[in-house]
Amino acid sequence: MASRSFLSCAVTLSLLLLGACASTPRHSRPSQATLSPAEAVEAANAVLFRAMSLVGTPYRYGGNTPASGFDCSGLVAYVFQDAAGLALPHQSAAMSALGGRKLDSDALQSGDLVFFAAGRGISHVGIYVGEGRFVHAPNSGGTVRLDRLDGAWWREHFAFGKRVF
């Protein structure tokens, strides 16, 4: 099955990574024009529900599977591949460079990517779930969790959102 092959390859590649966000993109995403509006809503909902199902999974630097744990970009890449068959890079900055219009926080829809910058560029990514909340793997330990965009750190470091579908 393609999903198992991808996961096997992703696990092997993650073991070779020097850092959680150090690999180069493996695939580019398909054009948004390839999905009808109904298909885009269905894909975004699948992403939303899969992300929510992973809340509580342990954080692991460089992790990209439920069994091994997740870092921020590993979580996002896994969810989009598993739920929607869409391969994203395992690097938050590379994800932020994908095509599409940058979105302000008030324009976000469920399933959108949310990016945060600290220091010189994009350093964190999560998946917007609605009502001001997003799922992410925090970069300081713990587990995959649901946080609010209006939390002090997140509000101050929010860079933009991107709609993938």
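For the reader, a short list of remarks on this structure follows.
- Total residues in the stretch 104-119, condition in a loop (DSSP other than H, G, I, E, B) and touching a Leu at 6+ places or on another chain (Cβ under 7 Å): 3
- The sole residue among Phe80, Phe49 that is of a type outside the set (Gly, Ala, Ser), more than 19 Å from Ser92 (Cα to Cα) and either crowded, with 18+ Cβ neighbours inside 10 Å or at pLDDT 90 or above (or both) is Phe49.
- For Ile127: the one exception among (1) farther than 19 Å from Ala46 by Cβ; (2) of a type in the set (A, V, I, L, M, F, W, C); (3) not in a helix (DSSP H, G or I): (1)
- Every pair of residues 6+ apart whose Cβ atoms lie under 6 Å, when the first sits in the stretch 86-114 and is touching a residue at least 24 places away in the same chain (Cβ under 8 Å) while the second is of a type in the set (Lys, Arg) and surrounded by 18 or more Cβ atoms within 10 Å (Cβ to Cβ): Leu86/Arg29; Leu98/Arg29; Gly100/Lys162; Gly100/Arg163; Asp112/Arg163; Leu113/Lys162
- Qualifying position, being surrounded by fewer than 23 Cβ atoms within 10 Å (Cβ to Cβ), modelled with pLDDT under 95, among the small types (Gly, Ala, Ser) and touching a Phe, Trp or Tyr at 6+ places or on another chain (Cβ under 7 Å), among Gly141, Gly119, Gly100: Gly141
- For the residues Ala87, Ala93, Ala83, the requirement of being over 24 Å from Thr34 (Cβ atoms) and either part of a loop (DSSP other than H, G, I, E, B) or not charged (D, E, K, R) (or both) singles out Ala93.
- Any hit, the stretch 55-76, residues being within 19 Å of Asp147 (Cβ to Cβ), of a type outside the set (Gly, Ala, Ser), touching an Asp or Glu at 6+ places or on another chain (Cβ under 7 Å) and assigned to a helix (DSSP H, G or I): no
- In the stretch 31-74, the residues that are among the β-branched types (Val, Ile, Thr) and out of contact with any strand residue (DSSP E or B) (no Cβ under 8 Å at 6 or more places or on another chain): Thr34, Val41, Thr65
- Candidates Ala22, Ala33, Ala40 - the one that is modelled with pLDDT under 95, of a type outside the set (Lys, Arg) and within 21 Å of Val129 (Cα to Cα): Ala40
- Residue ID - nearest to Pro37 (Cα to Cα), chosen from residues in the stretch 103-116 that are crowded, with 17+ Cβ neighbours inside 10 Å and not small (Gly, Ala, Ser): Asp112
- Pick from the stretch 144-165, criterion part of a helix (DSSP H, G or I), at pLDDT 95 or above and not aromatic (Phe, Trp, Tyr), ranking: nearest to Ser96 (Cα to Cα): His157
The values are calculated or read from the model by the stated rules, or taken from the named source; none is laboratory data. Everything numeric here is computed off the predicted structure, so don't read it as measured data. Every residue, glycine as well, gets a Cβ built from its backbone with ideal geometry; the counts of neighbours run over all protein chains shown.
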